[in-house]
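Input: a single structure, listed below in structure tokens.
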Amino acid sequence: MKHHRVDVVVVGGGHAGVEAALICDHYKIKTLLITMDPSAIGRMSCNPAIGGLAKGQMVREIDVLGGQMAATTDSSGIQFKILNKKKGRAVWSPRAQVDKRCYEKLVLEKIKKSSVEIITGEVVSLLYKKNRVAGVTLRSLEQIYSKTVILTAGTFLSGTIHIGERKINAGRMGEERAEGLTQHLESAGFKSGRLKTGTPPRLNRKSINWSKADLSLGDTNPVPFSYSTKTFNPTNEPCHTLYSNDESHQIIKKNRDRSPMFSGDIGGVGPRYCPSIEDKVFKFPDRDSHLLFLEPEWTNSDQIYLNGFSTSLPEETQIESLRVIPGLENVDFFRPGYAIEYDFFPPSQLKNTLETKDVSGLFFAGQMNGTSGYEEAAAQGLVCGINASLKVLGKEQLVLTRDSSYIGVMIDDLITKDTLEPYRMFTSRAEFRLALRYSNTPDRLLEKAVECGSIRKSLEDLLLSVIKQKQNMREGLGGSMAPDEIKKITHLKHSAPAKDVLKRNEVSIWDLPKRYLEYPPEHPAWLVNDTIYDVESDIKYEGYIKRCIVEMRSLRKNEKIKLQNDLNYGAIPGLSSEAIEKLSTIKPENLGQAMRVSGITPSDMAVLAIHAVKESVSRGTT
Amino acid sequence: MENQTIVSQATPFGYSSIAVIRLSGEHAFLFASGLANISTPRKHLESVLLPIFDEGGKRIDSGIFTFFKNPRSYTGEDVVEISCHGNPLIVKMILNHSLFLGARLAEPGEYTKRAFLNGKMSLSQAESVGALIASKSKNAIYYNNKNIEGASTESINTIKEGLISALSAIEYELDISEEEDTLHKTVSNVVKILNNNNLLCRSLISSFDAGVAYSSGFRVVIIGRPNVGKSTLMNALVGLNRSIVSDAAGTTRDTVTHDLIIDGYPITMIDTAGVREVYDNIEAEGVQRTTCEMGRADIVLSLYSHDTKPVDNIDVKKQINVYNKADLHKNKKLSGSDICISALHGTGLEKLNKALMAALLDVGSFSGDVFINTERQKQSVMSCESSILKSLALLKKENPVVEIVAYEIKTAIGSLDSFLGKTTTDDILNKVFSSFCVGK
Ligand SMILES: Nc1nc2c(ncn2[C@@H]2O[C@H](COP(=O)(O)OP(=O)(O)O)[C@@H](O)[C@H]2O)c(=O)[nH]1
Ligand SMILES: [Mg+2]
């Protein structure tokens, strides 16, 4: 038995674990990835897609912060599309249909190319030195010593799969679940809870009558996720759509009692935003159809993912209710849909660095923290990896603020809000949404990435030139346009700065004279488009963005007022008892965080603000 | 520092039968015992008659001491209220003795500020208390009381709920729906909700103006056909020559107001242009004013005389019919509640005063809903309204940018949050509390 002593142990090889391990390797610290099944590293266990509303923006953020998800998606995507094109430029969200097998293969290659060491095993407990983590113990009783540990256990902790009345103990279909780690963490003082999520059936391509389905294609000018992607010519494989019908809803209703959600077999709380088909049928009784997507799981795949039909009904009910839908009359499954229940650890036990508050050097990422989605998991894995590395190297931690990124919003939400259902990113969670566009990610995050050293030099140089390019263009647009130039594109009689002309509704940046749109030849065509489009957004939204900046400032002011970790909230006169309880468990790091804790009332805030300001005055730290 | 015991007179300055002095803070009980020179500790809600001494030990008065144990008091701290004789000199001596014992004089609004900080009331409740103290009429007190219980908070919450539902419809489009053809329906739905809430804001804003009127006094409007003697009556009541009294019908073209005190109540008396069937052009505007004044009035005095019939078909809440020029013709068929006077000779005015006050003090039926009391509250609702209007303008465009609409609606909700005290900064707090008068 090898005697291990490493800098960081990453437990789990899912999307969080992969990002964590690879970024630790980037910092050149000794990294060990422990997984129960090395063949499942980087697996996309649910839908064959990456990005989408709000998630697409996060994938770009992962890219700028040095993560791998964006580039791998660009190389494994089979259909790319910007969502929300008609609804406003700040909420444009890139999404890709991905070849799952290809994605998994590319991830494994990256890990193998790195110095990350992989071992197969199941972590059952942690080792400690005082209130620091010191390593892990495997089921084989092997002990591994490590300065830091990142737990990314996904749905594996005491996972239970439900298909109708059938219950299977598993982490994912066909994969063993992890036992014992929850109990260990509980005995170490962590609180845990139970959540559930679901997945739809996988259909056999050959059993579908494709002529009855509608075609849905990607964009003809696809935009990649990663800034390191140069030329970009992905395939544009079609997806298809179908609608469920009343007949199939009747079958679902008839068998409702056999769904563990309704029979009471599942105690965990499911996500409201991704309801099962039985949920949808009951919650929207006046809708006689729901949209279903037929998505290939990989190129030329026979396995088709039925997006929109997540369910835990018995297999025969799933089949019966689908076979009444035109196009699915003869449908066969590779695998039925199922629901899975798993343990999670309410993330209010974490700092804004994703390190646990009580055990130094221990980090949690992904579904363990009550989130759902590959992108959310990857982002947390990345932040954990960066911070574990910085900790090992004795450097200052990376903290992402709400005004910098969706990732910052997510982490702040996780640590301050009650987790009542799996957390998924939405654009509406970001109060500064107008300023958090996928196209201005470098402007928001490059400085941070450089500061903490997580970004590769080549990418840093490219992004610096993108930011410079935008500055030049903005400056150039301050220059005046001649009246005859203006006359061609809008009815303004006198000369005016190009910027003002561009602000008019009917004018697009592409209408302006070429001299305003010059760009460096080394930038790929898609990036040029991206840049120009973003400059246009900045100018068109200028007034709103200025308002956002004012709001950001006042937020930052509260963020600067620190609250002591050992603050005795019970001793502050005037705080409500709920506030005392919430604040004592969450121990917010600053006033801004405290303000966002669920259940804190305005008068609690006033009391706390006065107390905090008084404290900092008497400490002389204002 | 924050909990230093404070003291002040809770009742208005000047001679009165009773004055109330209030102590609040950690040492309130101790200082009260010092004033009365006793040593037994007192219980919550205990009320006792005790002698009161000055700092030299000389007895100056006796009064009722009522003890309130924290947190079950107005401020949430220990509080003692002392009712003594309403003699400014006695009050001054008691305050001096309290200061000698270690209390300090309360700053304006400090009691309410402490109540707010101790979680006893929300910011808008606190503001209502401020308005309560400043309000002079029974009606205002009634509505301010309603506010303390959160009625204005409730109506703001109604608007907020509407805005949240509009916002969530939009967010659904932005965050969930990947279909593009539902946008149109959502937009028309949102427009409906916004229009509705815009109206609610409007009515709250106008209630501010009504609220100010109520807080500053009752409104009594005199109406009647031209030449019935309205201006004469007003002058008689006011005791001043403020209106033009003339023989030509319709000289009082506009409304004339005068403030007076009857039985200690502030009353705004309004003389209107005459109401008649055929208006001439010059008076048209004045007549419209009359209708408007009647709408805002607490009481309408409807004048008639032997040669003019009472104005009928006027829809008012409270009306007193007054038969004038009784010196010329006695009205034989005077109906029960009508008052018979001669404005010119000043007869029957006593009786009219009595009837007026009885009716006023009975007015509890302000037809509007809820008040907003302070300029700050009004500003919040107004900026909410303006964000709603901006959203509506954006939604009128051909391809509305709904994410900007969402931003405006969020701003509107933010304005309401500031009404409810959520986004309060210290600056606002300080301003709110310093506009209160001493005592509460
Ligand atoms: N004899 C008598 N004349 C009155 C009385 N009240 C008013 N008048 C006269 O009626 C005329 C019209 O009065 P005025 O107050 O201008 O009526 P208005 O048009 O209703 O305001 C004046 O000449 C008054 O002197 C009253 O009680 N007795
Ligand atoms: Mg007159």
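The values are calculated or read from the model by the stated rules, or taken from the named source; none is laboratory data. A quick note: this is a predicted structure, and the numbers were derived from the prediction, not measured. Here Cβ is always computed from backbone atoms with ideal geometry, including for glycine, and neighbour counts include all displayed protein chains.
Counting only strands (runs of 3 or more DSSP E) that fall entirely inside segment A:275-387 and contain at least 3 residues that are in contact with an Asp or Glu (Cβ under 8 Å, 6 or more places away or on another chain), the qualifying elements are A:303-307. Within segment B:227-235, is there a residue that is over 22 Å from B:ALA355 (Cα atoms) and either modelled with pLDDT under 70 or assigned by TED's automatic domain parsing to the domain that holds B:ASN353 (or both)? Yes, segment B:227-235 has at least one match. Taking (1) part of a helix (DSSP H, G or I); (2) more than 14 Å from chain B (Cβ to nearest Cβ); (3) of a type in the set (S, T, N, Q); (4) under 24 Å from A:ASP412 (Cβ atoms) in turn, A:ASN565 satisfies each apart from (1). Going residue by residue through segment B:319-327, is there one that turns out to be surrounded by 14 or more Cβ atoms within 10 Å (Cβ to Cβ) and either within 26 Å of the chain's Cα centre (by Cα) or modelled with pLDDT under 85 (or both)? Yes, there is a match, as at least one residue in segment B:319-327 is surrounded by 14 or more Cβ atoms within 10 Å (Cβ to Cβ) and either within 26 Å of the chain's Cα centre (by Cα) or modelled with pLDDT under 85 (or both). Filtered by the rule that a residue be over 30 Å from the mean Cα position of the chain (by Cα) and farther than 19 Å from A:ASN352 by Cβ, segment A:542-568 gives a lone residue, A:ASN568. One residue stands out in segment A:159-205 among those that are of a type outside the set (A, V, I, L, M), in a loop (DSSP other than H, G, I, E, B) and at pLDDT below 85: the one that is surrounded by the fewest Cβ atoms within 10 Å (Cβ to Cβ), namely A:GLY174. Set side by side, the residues B:VAL381, B:VAL370 differ, and just one is modelled with pLDDT under 90, assigned to a loop (DSSP other than H, G, I, E, B), away from chain A (no Cβ under 14 Å) and within 19 Å of the chain's Cα centre (by Cα), which is B:VAL370.
Checked against (1) over 29 Å from A:SER428 (Cα atoms); (2) within 14 Å of chain B (Cβ to nearest Cβ), A:GLN97 passes all but condition (1). When B:LEU389, B:LEU395 are screened for being at pLDDT 90 or above and surrounded by fewer than 18 Cβ atoms within 10 Å (Cβ to Cβ), only B:LEU389 passes.
Put simply, of A:ILE118, A:ILE150, A:ILE111 the only residue that is in contact with a helix residue (DSSP H, G or I) (Cβ under 7 Å, 6 or more places away or on another chain), buried (at least 17 other Cβ atoms within 10 Å of the Cβ) and part of a helix (DSSP H, G or I) is A:ILE111.
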